[in-house]
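The values are calculated or read from the model by the stated rules, or taken from the named source; none is laboratory data. Predicted, not measured: the structure shown is a model, and the values here were computed from it. A quick note on method: Cβ atoms are made from the backbone with ideal geometry, for glycine too, and the neighbour counts reach across all protein chains shown.
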Amino acid sequence: MASGGIKFIMETFVEEASTYEKCIQKIHEKYGPNIMVTRREVKRNEGFLSLFNKETIRVSFNIQNESFVPVFSGNEDEVQSKSPAAPIKTYSPENIAEERLKIIKMAASKSEAMAEKMMPYIEKLENQSTSPIKTGIEANELQTLAETVERLTEEIRLKNSPSQEHENIVKIAEILQENDFTLKYIRSIKEKISKNLSLAELNDFEIVQKKVLEWIASSILIKPEETNNEDSGKKQKLIALVGPTGIGKTTTLAKLAAYYILAVSKLEGRSLDVRVITIDQYRIGAAFQIKKYCEHMGIPLIIATDPLDLHKYLDLYRDSADIICIDTTGRSPADPEKIFEMQKYFEKIEPGRIETHLVVSAVTKAADISEIIRQYSVFDYSSLIVTKLDETANVGSIISVLEEYKIPVAYITEGQTVPKDIAKASKLAFLKKLTGFSLDYINENFNDAISIIWS
């Protein structure tokens, strides 16, 4: 035999499939059973973030036909006998389960959110590992599981990535900006969307819109309706309105007085004795304006010149008047000394006797409303009255403030007509002013308005 030995030159074939078993099946179908596997390798096709790789199996082999005549290289005079085909190794069900569990645990280690989603799968597979393995497991189970895990990872990434916000989050943020919601409020809504909606829900803008409307509605606090009881008609009510100038405070006070004379009197089945006291001596024409309103409604008007004067009239009408409405001087929130000076009128009124409302305008910017709320906090007001709701197309500012300070709204006003341009506050009154949302959906799902029957 020549020193070079015998070298068989065989043609090598390659086949590829998702599993080794499928690959061998393809080879047998094409070339028959007489093959010899010379190489088996795993080919990885990188998926999202290189975390989950879709593996395929590549098999190299030679055909071992009975009539196969080897081609010699050199001066060989012997033919090497044919070697038996190497035994084919396959993944057992145990190995499939192990690989499946390994992939899921690797996914769960990437984030708390992913760990929470994967825990049921991990527990199920770990329980299976202690019980007999079922035969007949489909070969594509591992691939299907990897795709499921990859989809969940993509969902978390899309929802949490600050640089790639979902298009519907961007769209809803633009609508909120058009309605003048504050940046802080918009950020909170975006966070709620990311935390509470699945990717499937996020892809449906109608679902996103409805959910956002629910969150907006929940951020609007409404002062509860007073319950009628046996003592409600006997207990005197003191109502004071405070707030800056130019917001319609005096007109609102007149509307409130008319509300008790006309609507509440009818509701209780008796005529209520309503009085008005004003301490506004500084604004030109203030006393004249409230006087005209009172004359029109047949209500006595009292002007209190100082705190002692106010307490004198409150004592005088303690047992006779059902309702006493107190109009105050409008002060700028930038002048806290004047606000504190006006607050002295109320210092010696016993706690719980007076119901104070802070009056703010819907057309005021959110930052200015916040400043008004802070500066007027010395009055310990129980709720807001929002005026001029008809004069703005964007109520995002006032809703943002309501959410931030958690203050309920008692009444809203829309127009200058006394008495009828006042209403009890409702979520619907604010929501129906929003643009970019379905008005039909709002009317069908948030109709909490309470009608006032004037006559």
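Okay, here's what the table says:
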quantity: Residue match in region 206-221 (condition: touching a Lys or Arg at 6+ places or on another chain (Cβ under 7 Å), surrounded by 19 or more Cβ atoms within 10 Å (Cβ to Cβ) and of a type outside the set (Phe, Trp, Tyr)); calculated: yes
quantity: Number of positions in region 371-411 that are among the acidic types (Asp, Glu) and in a strand (DSSP E or B); calculated: 0
quantity: Top-ranked residue of region 1-33 - restricted to ones that are modelled with pLDDT under 80 and closer than 28 Å to THR56 by Cβ, ranked as surrounded by the most Cβ atoms within 10 Å (Cβ to Cβ); calculated: MET10
quantity: Strands (runs of 3 or more DSSP E) fully within region 254-339 counting 3 or more residues that are closer than 30 Å to SER370 by Cα; calculated: 274-278, 323-327
quantity: When residues of region 377-427 are limited to those that are aliphatic (A, V, I, L, M) and closer than 19 Å to GLU178 by Cα, the one surrounded by the fewest Cβ atoms within 10 Å (Cβ to Cβ); calculated: ALA393
quantity: Criterion violated by GLY352 - all others in (1) without any contact (Cβ under 8 Å) to a residue 60 or more places away in the chain; (2) crowded, with 16+ Cβ neighbours inside 10 Å satisfied; calculated: (2)
quantity: Search result, residues across region 176-198 that are of a type outside the set (S, T, N, Q) and surrounded by 15 or more Cβ atoms within 10 Å (Cβ to Cβ); calculated: LEU176, ASP180, PHE181, TYR185, ILE186, ILE189, LYS190, ILE193, LEU197
quantity: Cβ-Cβ under 7 Å pairs, at least 6 apart or on other chains, region 388-410 side more than 24 Å from THR250 (Cβ to Cβ) and touching a residue at least 60 places away in the same chain (Cβ under 8 Å), far side among the charged types (D, E, K, R) and outside any strand (DSSP E or B); calculated: ASN394/ASP180; GLY396/ASP180
